[in-house]
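Quick notes on the structure that follows.
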Amino acid sequence: MANTKVAIIAANGTLFDAYKVFNIATAAAASDAEVGIFFTFEGLNLIHKEAHKQLPLPKGKEHFAEGFSKANVPSIEKLVGIAQELGVKLIACQMTMDVMNLAKDAFVDGIEVGGAATFIDYAKDANISLSF
Amino acid sequence: MPIVKAKKAMMNLEPGQVMEVQAIDKGSIADLKAWAENTGHQYIGTVEGGDLLKHYLRKASDPELKEEIKHEYTIELNKLHSKLNEPPISILDVCEPIEFAFGHIPGAVNIPLGELDERLDEIDQNKELYIICRTVNRSDLAAQKLTEKGYKNVINVLPGMSTWDSPIEKN
């Protein structure tokens, strides 16, 4: 899949959303695809230095907490690191950051900041586009 | 995360080396097959034992992609079929032991290419020797090597086990 490009929008901020995004992203990157994720609105929590360490479960799904600890899945913090190691490009949405008054240093190291046009430019020739 | 771990481990292997991936989730069979296909590596097979799945993968090697054959004497796989019933011949499979375990021509002898030099005495020089691997490259290298050592009647089987559609023996 060396010539495959994957473009992902992460727009939600629960633990479920985070696993969906990073599971797909790391699997694609490990298969030699080029992967970029655009984090917008609540999705920004997935790469926020503090917030991504304690993402909430969706309302009414709190009982899955036990399942997560039993299933031996890596933490989101760890998955972000794995994604970056595999070369996944992480783009934080500039507009959301402005609205929420967040600076770049509130996020994990190595991210890029860009607007919707940046993502569209990246995604224009993507083979796979996903939104979570 | 078997895919991510397999990817990382694969980076530390030499081309042609075999890796065992242990996983407990059943979905990993389809995942690793698809991953191998998409990254050019060879999925050899999976052994299931209780809750544990052991997947075997072989790292892609560049010479294998080129498939350039140098040894002069070759035989098409379908012609080897008829030879099977007229001994004395011997079939030497130069795949890795785990590939051999997942399927080989009944009666074939396994000496991996990398062990050929130290195991020459296991090869019967008085029979026609048909050399096979998964595709053609390792068998071609083995055929060249044996010819250099003075072996006669060395024949490379084309194209290899990857297209063998007759009964196989396992283990």
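The values are calculated or read from the model by the stated rules, or taken from the named source; none is laboratory data. All of these numbers come straight from a predicted model, not from anything done at the bench. Methodologically, a virtual Cβ is constructed for each residue, glycine included, from the backbone with ideal geometry; neighbour enumeration extends over all protein chains shown. Side chains are part of the model used for accessible areas, which takes the heavy atoms of the whole protein and leaves out ligands, DNA and RNA. Shrake-Rupley method; radii C 1.70, N 1.55, O 1.52, S 1.80 Å.
Just a few scattered comments:
- Subset of the range A:16-30 (residues that are more than 11 Å from the chain's Cα centre (by Cα) and open to solvent by 10 Å² or more (accessible area, probe 1.4 Å)): A:Phe16, A:Ala27, A:Ala28
- Qualifying positions in the range B:4-26 - within 23 Å of the chain's Cα centre (by Cα), within 9 Å of another protein chain (Cβ to nearest Cβ) and over 24 Å from B:Arg138 (Cβ atoms): B:Lys7
- Residue within the range A:99-119 that is surrounded by fewer than 14 Cβ atoms within 10 Å (Cβ to Cβ), within 22 Å of A:Ala33 (Cβ to Cβ) and of a type in the set (Val, Ile, Thr) present: no
- The range B:27-43, subset more than 10 Å from chain A (Cβ to nearest Cβ) and either over 24 Å from B:Arg138 (Cβ atoms) or in contact with a His (Cβ under 7 Å, 6 or more places away or on another chain) (or both), residue most open to solvent (accessible area, probe 1.4 Å): B:Ala30
- Residue selected from the range B:122-171 under the condition over 15 Å from the mean Cα position of the chain (by Cα) and small (Gly, Ala, Ser), by the criterion nearest to B:Lys79 (Cα to Cα): B:Ser166
- Restricted to helices (runs of 4 or more DSSP H) entirely inside the range A:34-132, those with at least 2 residues that are farther than 14 Å from A:Phe22 by Cβ are A:65-70, A:94-99, A:116-123.
- Check on B:Pro15, open to solvent by 70 Å² or more (accessible area, probe 1.4 Å) and either of a type outside the set (Ser, Thr, Tyr) or modelled with pLDDT under 90 (or both): yes
- The residues of the range B:6-36 that are out of contact with any strand residue (DSSP E or B) (no Cβ under 7 Å at 6 or more places or on another chain), assigned to a helix (DSSP H, G or I) and either in the same structural domain as B:Gly114 (by TED's automatic domain parsing) or not aromatic (Phe, Trp, Tyr) (or both), listed by number, are B:Lys7, B:Lys8, B:Met11, B:Gly27, B:Ala30, B:Asp31, B:Ala34.
- Criterion violated by A:Thr40 - all others in (1) closer than 28 Å to B:Ala30 by Cβ; (2) polar (S, T, N, Q); (3) away from chain B (no Cβ under 14 Å); (4) within 12 Å of the chain's Cα centre (by Cα) satisfied: (1)
- Test: residue in the range A:44-65 that is open to solvent by 80 Å² or more (accessible area, probe 1.4 Å) and either within 14 Å of another protein chain (Cβ to nearest Cβ) or touching a strand residue (DSSP E or B) at 6+ places or on another chain (Cβ under 6 Å) (or both): no
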